Amino acid sequence: MEALLQSIEKKVRPLIGQGKVADYIPALAQVDPNQFGIAIYSNDGALYQAGQADTEFSIQSISKVFSLTLAIKHYGEDMWQRVGREPSGNPFNSLVQLEYESGVPRNPFINAGALVISDMNQSRFAAPHYAMREFIRRLADNPNITSDKLVSDSEYEFRARNASMAYLMKAFGNFDNDVEAVLHNYFDNCAVRMNCIDLAKAFSFLANKGFSQHSNEQILSPRETTQVNGLLATSGLYDEAGNFAYRVGLPGKSGVGGGIIAIVPNQFSMCVWSPELNKSGNSLAGMAALEALSESIGWSVF
Ligand code: DON
């Protein structure tokens with residue numbers, strides 16, 4: 001497996017230079033674009049890696065999967081009155097559907113949906129970001145995971161779009177807590193730093209019928225696990241979810257830090273990272289690496 005990962009790294013590294021590092025969050029624009037890492041974790045505990053698999057990066061929207069998991073554990077089916085389960089077909093930070101769909105976001109992974117989920121978690125926890133950080137540390141089996149304050153402060157400073165969505169949802173009665181407080185927690189979660197190994201391990205429960213080996217804990221039921229994987233397959237890559245299904249064929253979630261996690265149900269969880277993004281905000285080399293990997297092993301679930 002590691003020889004395969006190394007050959008994939010060799011194949012996709014030349015793509016670096018064709019994408020663009022996220023710069024709408026100024027602190028993220030500082031990252032060195034010339035980086036690539038990949039890690040795969042199997043349900044029987046084997047870890048395979050290549051490139052800079054132990055270099056930390058900003059997990060950004062990948063954090064939305066952790067937030068959704070925490071919300072499902074507490075709210076169960078009731079949460080779906082406040083957020084939908086359909087692909088949006090629009091960019092992750094688009095506002096247009098929110099008004100004509102009465103403040104109910106299409107799914108939990110676009111920013112508006114993740115903000116509603118953050119609002120739910122804000123109602124449930126006294127210190128939502130710390131609850132989330134403890135949860136992530138447990139899932140990744142790494143007590144040193146932290147959030148980058150420079151990044152979260154930069155996101156807060158340039159929050160106009162996310163703040164607009166949250167206030168619009170408040171106007172529709174779909175937001176319970178103070179908007180600014182929820183934004184702070186949402187950005188703190190997006191600014192969490194992890195490496196490919198941490199993320200592959202942290203999402204192993206999605207490949208393992210909801211069970212996390214490290215925390216020795218049933219995180220979600222087997223049924224909830226298939227449901228989350230279904231949502232990841234249909235909406236995890238935003239307006240590129242169809243392209244990801246076509247090219248990779250696995251449940252996945254991207255972040256503008258350049259990370260993408262993907263799940264091979266009942267077998268593997270993995271993470272690939274390269275900071276340059278394509279036009280939909282997904283890692284350009286990361287997509288190519290997952291496509292090559294899925295193709296060579298025949299992993300598509302479709
Ligand atoms: O709120 C934002 O815009 C960022 N914190 C997260 C966006 C993101 O990662 C989208 N994913 N590709």
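The values are calculated or read from the model by the stated rules, or taken from the named source; none is laboratory data. Every value quoted in this text rests on a predicted model; they were computed, and no experiment measured them. In this analysis, Cβ positions are derived from the backbone assuming ideal geometry, glycine residues included, and neighbour counts consider all displayed protein chains.
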Residue count for region 1-58, restricted to those that are over 18 Å from the mean Cα position of the chain (by Cα), hydrophobic (A, V, I, L, M, F, W, C) and modelled with pLDDT of 95 or more: 12
Residue check for GLY89: surrounded by fewer than 16 Cβ atoms within 10 Å (Cβ to Cβ), part of a loop (DSSP other than H, G, I, E, B) and within 16 Å of the ligand (Cβ to nearest atom): yes
Qualifying residue in region 252-268 (condition: surrounded by fewer than 24 Cβ atoms within 10 Å (Cβ to Cβ) and part of a helix (DSSP H, G or I)): no
Search result, residues across region 227-259 that are free of Cβ contacts under 8 Å to residues at least 40 places away in the same chain and closer than 20 Å to PHE57 by Cβ: GLY252
Pick from region 92-138, criterion over 25 Å from LYS201 (Cβ atoms) and of a type in the set (Asp, Glu), ranking: nearest to the ligand (Cβ to nearest atom): ASP119
Members of region 48-91 that are touching a helix residue (DSSP H, G or I) at 6+ places or on another chain (Cβ under 7 Å) and among the acidic types (Asp, Glu): ASP54
Qualifying helices (runs of 4 or more DSSP H) (wholly inside region 154-204; at least 2 residues being among the small types (Gly, Ala, Ser) and within 16 Å of the ligand (Cβ to nearest atom)): 160-171
Which numbered condition GLU99 fails, given (1) closer than 22 Å to THR55 by Cβ; (2) more than 17 Å from the chain's Cα centre (by Cα); (3) among the acidic types (Asp, Glu): (1)
Contacts under 6 angstrom Cβ, first residue in region 76-95 being under 13 Å from GLY242 (Cα atoms), partner among the aliphatic types (A, V, I, L, M) and assigned to a helix (DSSP H, G or I), 6 or more apart: PRO87/ALA241
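State yes or no: is PHE203 buried (at least 24 other Cβ atoms within 10 Å of the Cβ) and within 30 Å of ALA288 (Cβ to Cβ)?
yes
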Index of the failed condition, SER280 passing every other in (1) in a loop (DSSP other than H, G, I, E, B); (2) closer than 16 Å to PRO87 by Cα; (3) more than 13 Å from the ligand (Cβ to nearest atom): (3)
Selection within region 237-277 - under 16 Å from TYR48 (Cβ atoms) and within 12 Å of the ligand (Cβ to nearest atom): ILE261
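Going through ALA3, ALA50, ALA46, ALA39 one at a time, which residue ends up being without any contact (Cβ under 8 Å) to a residue 60 or more places away in the chain, crowded, with 17+ Cβ neighbours inside 10 Å and more than 16 Å from the ligand (Cβ to nearest atom)?
ALA50
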Evaluation of ASP188 against (1) touching a Leu at 6+ places or on another chain (Cβ under 9 Å); (2) buried (at least 19 other Cβ atoms within 10 Å of the Cβ) (one fails), failing number: (1)
Single unsatisfied condition, LYS149 versus (1) touching a helix residue (DSSP H, G or I) at 6+ places or on another chain (Cβ under 9 Å); (2) buried (at least 24 other Cβ atoms within 10 Å of the Cβ); (3) more than 28 Å from GLU99 (Cβ to Cβ): (2)
